[in-house]
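Every read-out reported here was derived from the displayed coordinates using simple, explicitly stated rules and does not represent laboratory data. Owing to the predicted nature of the structure, the values given are computational and were not obtained by experimental measurement. We place every Cβ from the backbone using ideal geometry, glycine too, and count neighbours over all the protein chains shown.
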Amino acid sequence: MAKVEIEVPECPEYPIIPRLKEGMMAHSKPYIAVEKFQHELGFPGELPENWQEAALDKMQDLLGKYRSFQVYLDSCVKCGACTDKCHYFLGTADPKNMPVARQDLLRKVYRRYFTLAGKYFPKLVGAVDLTKDVLDDWYSYYHQCSQCRRCSVFCPYGIDTAEISMAAREILASVGMGQKYCNEIIGKVFKIGNNLGLPEPALKDTLEGLEEDIFDETNVAVRLPLDEKGADILLITPSADFFAEPHVDGLMGYAKVFHESGVSWTISSYASEGANFGMFIGSYENMRRVAMRIRKAAEDLGVKRIMFGECGHAWRVGYSFLNTLAGPFDFLDPNYPVPQHICEFTYDLIQKDKLVFDKSENDEHVVTFHDSCNVARATRMGPKPGGQFTIPRAILKTVCNNYVDMDADTIHDATFCCGGGGGLLTDDLMEIRVKGAMPRMTALKKIVDEDKVTTLVAICAICKSQFIKTLPYYGMQMYMMHSLHQLVSSALVMQRLTEPADDSESESSDD
Amino acid sequence: MFFTLIFTVLFYAAIIIFVGGLAFKIRQYWQTPAPLKIPTTPAPVTQSGVIYRMLKEVTIFESLFRSNKWIWLFGWCFHMGLFLVFARHLRYVVDWSWVALIQPFGIYAGFLMIFGLSGLLARRFLVERIRYISSPSDYLMLILLIAIAGSGLLMKFAFHTSVIDVIDFVHGLLSFGFHILPPDFLLYMHLLMVVGLMIIFPFSKLLHAPGVFFSPTRNQIDNPREKYHVAPWAAKLGSDKE
């Protein structure tokens, strides 16, 4: 794999807060979406003549629509509690990557045009005019935020920079400055059904290939059904699960767990994407359009339950927003939450003793778990708060003998983002991605050295893809990266070898 | 008499601006919908859990404690000091027994306030990151509060003001009958700064006081799967179920 030349920050032996280096990352910006991608999402193709007016109108519109935006722009007291909490600041030392400073880029404009103090005493309260330079600064630094919400955990008012950065991106898109990576992908979902633009025949082929792989390995006819009407469960998973490593090993793991459970399930070619990039660009409208595909797929296929695969942002939109965006789901089985996470499903089967494992299959691994930011700080699993931390770990400890956690202030809700979340997982942002990974890599390296950890597990497609790229920059092997259900899969002992119902089903759909 | 008149007018104006401005902002926060469920998790799954979470935030500054022990120490001392000093000042308005009871604590709370505020101000000058994010108003706000607390303490410990006369003045304000404000430069300064603080409150970052209660990341119940949640403007989008 070709490595881009990037000055990789050193991993400190103990956490240190860097001295400020102004303008360090001012050059970092993603490609702008071309006209075609902008139009597909209902945004103008280029900066309009009256862009300033349009941007301020959009800001006014958002202030009336989002309580978070209004309250958070007003409430910050500049106490500084968040200043050392962002992984991008720790990795780059650029002061505009401190959460409060990132918010201030927009807050200064808010103060200038929407508050009395800023209208009459701009210098006193640090208010500035909305110039093209300011707009460019927004474009640069609001694409150096992965919307991971770590700052919001530590803010005394819960100010969430993600909310500000989503609003900023929506304003930018509405004046023709959308981000290519996100907007192009959302366009593909509208047209084809997934981020990769993988059409139905290719998807069918892929899934059949995976069925063969599992059969070769286990001698069991495990199915990965596509568009199967009347299945119990509709699985929504990130499209990276269909081809990327180690994502695809996770997908095979889900299939084996489904097989063992005896529950029928299906993937939908119409809604073959878990990750909803509408969230990244802050566009409720686009996020809703993507989410509605899941509802339509569930209705068309007549399923009883909706389940999400391993994907952090998908799980946030699934757990926290799906009901709002595309609900209520009163046509589904009311005995199950909508949606469920694959980890909740597997954990439940483990609790009921329905799965048999041979832990020793994973003895080559010393495992640690990376809490993906959006799972950790924006969702839950199971009935109890914190289930999003305990359930994946409980599964790992069921299927592996050797488990070690990273330092306590870098896991659970204090976890560091992988560095590639929130729409930054694109090659044109490689530098910020590598630098932003530093805090997570530091914590990982420590237990690699001290506890001989060999295996990093995550339940997010972005985390997996990002770590595969960044691990080598920090002197670690990309092969460390594993899907959670990949380890489940290795240890799972297949019990339902010859299930007549399954066999007939697989035959009938094979022709 | 001249100063009495000035302060009478100022106080009425300040109260109107403070109450009116704050009511406007609170109404704005109240009426602006929160279209999505965004509590910072792990979050409480019940209403009583949310009340407990919020209570911890506003009394012991739980998140700030996790975040930074120095800011917490100075910030908490200032706010608790302010709270006690405020309670002590109720004696100018009402005649309740618990107000009499806390008088001694209220006095020392003034020192606690100044300790906390000075710490916060020092950090603003000394810590590079906080210096970077500070505007002139951020320094001035702290200096104003220190000056208010300092002038108050000076009147208590160095240059006494007739408390009885001030009580009469306040009662006069409340009953629209006028009583002469004792001629005292320190007192004038103290009151002038308090009036100033009241006036800037609804237009400044002091809005964090009502703001924290409206923060969706802290005040929402974690129940998006169980309870259908939709904002009125978002529900209109839903008319086409595609």
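Evaluated over the Cα positions of chain B, the convex hull gives a direction-averaged projected area, one quarter of its surface, of 17.6 nm². For region A:129-242, count all C-alpha to C-alpha pairs, find those more than 17 Å apart, and express that count as a whole percent of the total. Here the tail beyond 17 Å accounts for 70 percent of pairs.
Residue-wise HN-Hα couplings along region B:67-82, as the Karplus relation 6.51 cos²θ - 1.76 cosθ + 1.60 with θ = phi - 60° gives them from phi, are 7, 7, 5, 5, 4, 4, 4, 5, x, 5, 4, 4, 5, 5, x, 4 Hz; Gly and Pro carry x. Using the Cβ-Cβ distance between residue A:190 and residue A:330 with R0 = 25 Å, the FRET efficiency computed as 1/(1 + (r/R0)^6) comes to roughly 0.45.
Neighbour counts of C-beta atoms inside 10 Å place B:12, A:474 in the sequence B:12, A:474, starting with the fewest. Annotation: average projected area of region A:56-119 is 4.8 square nanometres, based on the convex hull of Cα atoms across all directions.
Applying 1/(1 + (r/R0)^6) with R0 = 30 Å to the Cβ-Cβ distance of residue B:165 and residue A:116 gives a FRET efficiency near 0.25.
Absence of a disulfide-compatible partner, taken as no other cysteine beta carbon within less than 4.7 angstrom, is noted in the protein assembly as shown for A:11, A:76, A:79, A:86, A:145, A:155, A:182, A:311, A:343, A:400, B:77.
Radius of gyration (Cα atoms) of region A:35-178, expressed as a multiple of 2.2 N^0.38 Å: 1.02. When peptides B:147-155, B:95-103 are sorted by average Cβ neighbour count within 10 Å, with the highest value leading, the order is B:147-155, B:95-103.
A Gaussian network model of chain B, with springs between Cα atoms under 10 Å, assigns the largest mean-square fluctuation among B:39, B:232, B:210 to B:232. Note on residue B:13 and residue A:5: their simple-model spin labels are 6.5 nm apart, each label 7 Å out from Cα toward Cβ. Counting only other chain Cβ atoms within 10 Å of each residue's Cβ, the peptide B:203-210 averages 6. When you count the other C-beta atoms within 10 angstrom of each residue and take the mean per peptide, A:312-320, A:70-78 line up highest first as A:312-320, A:70-78. Per-residue shielding of B:216-224, expressed as the average number of other chain Cβ atoms within 10 Å of the residue Cβ, stands at 6. Pairwise Cα distances in region B:46-158 exceed 22 Å for 44 percent of all pairs.
When a footprinting reagent is the concern and you count Cβ atoms within 10 Å, what order do A:165, A:140 take, fewest first? Don't skip to the answer; put the middle values down first.
Numbers: A:165 27, A:140 19.
Going from sparsest to densest Cβ surroundings: A:140, A:165.
Footprinting exposure proxy ranking of A:369, B:11, fewest other C-beta atoms within 10 angstrom first, gives B:11, A:369. Computed from label points 7 Å out along Cα-Cβ, the spacing between residue A:358 and residue B:174 is 8.2 nm. Within region A:45-79, the GluC sites (Glu not before Pro) that combine a DSSP coil assignment with at most 11 other C-beta atoms in a 10 angstrom radius are A:49.
The convex hull built on the alpha-carbon positions of region A:347-493 has an orientation-averaged projected area of 8.5 nm².
Protection proxy ranking, highest mean first, for peptides B:188-201, A:16-29: B:188-201, A:16-29, where packing is the per-residue count of other beta-carbon atoms within 10 Å, averaged. Counting only other chain Cβ atoms within 10 Å of each residue's Cβ, the peptide A:314-326 averages 5. Applying 0.36 nm per residue to the separation of residue B:128 and residue B:147 and subtracting their alpha-carbon distance, the gain on full extension is 4.4 nm. In the protein assembly as shown, the calculated helix contribution to ellipticity at 222 nm averages -16500 deg cm²/dmol per residue, counting -39,500 (n - 2.57) for every DSSP H run with n ≥ 4. In this calculation the C-beta distance from residue A:34 to residue A:129 is compared with R0 = 41 Å, giving a FRET efficiency of 0.90.
Plugging the Kirkwood radius over Cα pairs into Stokes-Einstein for region B:64-110, at a temperature of 25 °C and a viscosity of 0.890 mPa s, what D comes out in µm²/s? Translational diffusion coefficient: 214 µm²/s.
Hey, got a sec? Which trypsin sites (Lys or Arg not before Pro) in region A:398-466 land in a DSSP loop and have at most 12 other Cβ atoms within 10 Å? All intermediate terms of the calculation are to be shown ahead of the outcome.
Details: sites: A:433, A:435, A:440, A:445, A:446, A:452, A:464; in loops: A:452.
Passing sites in region A:398-466 are A:452.
Looking at the protein assembly as shown only, what percent of DSSP beta bridges run antiparallel? Nearest 5 please. Around 10 percent antiparallel, to the nearest 5.
A dipole drawn for the protein assembly as shown from +1 and -1 charges on Cβ atoms has a positive end, and of A:338, B:214, A:194 the residue lying farthest that way is B:214. In chain A, the longest principal axis of the Cα atoms and the axis of helix A:247-261 are about 50 degrees apart. Taking amide H as placed 1.01 Å from N in the peptide plane, the amide H of residue A:265 sits under 5 Å from that of A:232, A:233, each at least 5 places away or on another chain.
Here the simple spin-label model places points 7 Å from the Cα toward Cβ, and for residue B:51 and residue A:13 these points are separated by 5.2 nm.
Looking at the protein assembly as shown, what % of the alpha carbon pairs are farther apart than 37 Å? Of the Cα pairs, 44 percent sit more than 37 Å apart. Remark: for residue pairs A:58/A:188; A:445/A:469; A:352/A:464, the C-alpha separation exceeds 18 Å in A:58/A:188; A:352/A:464.
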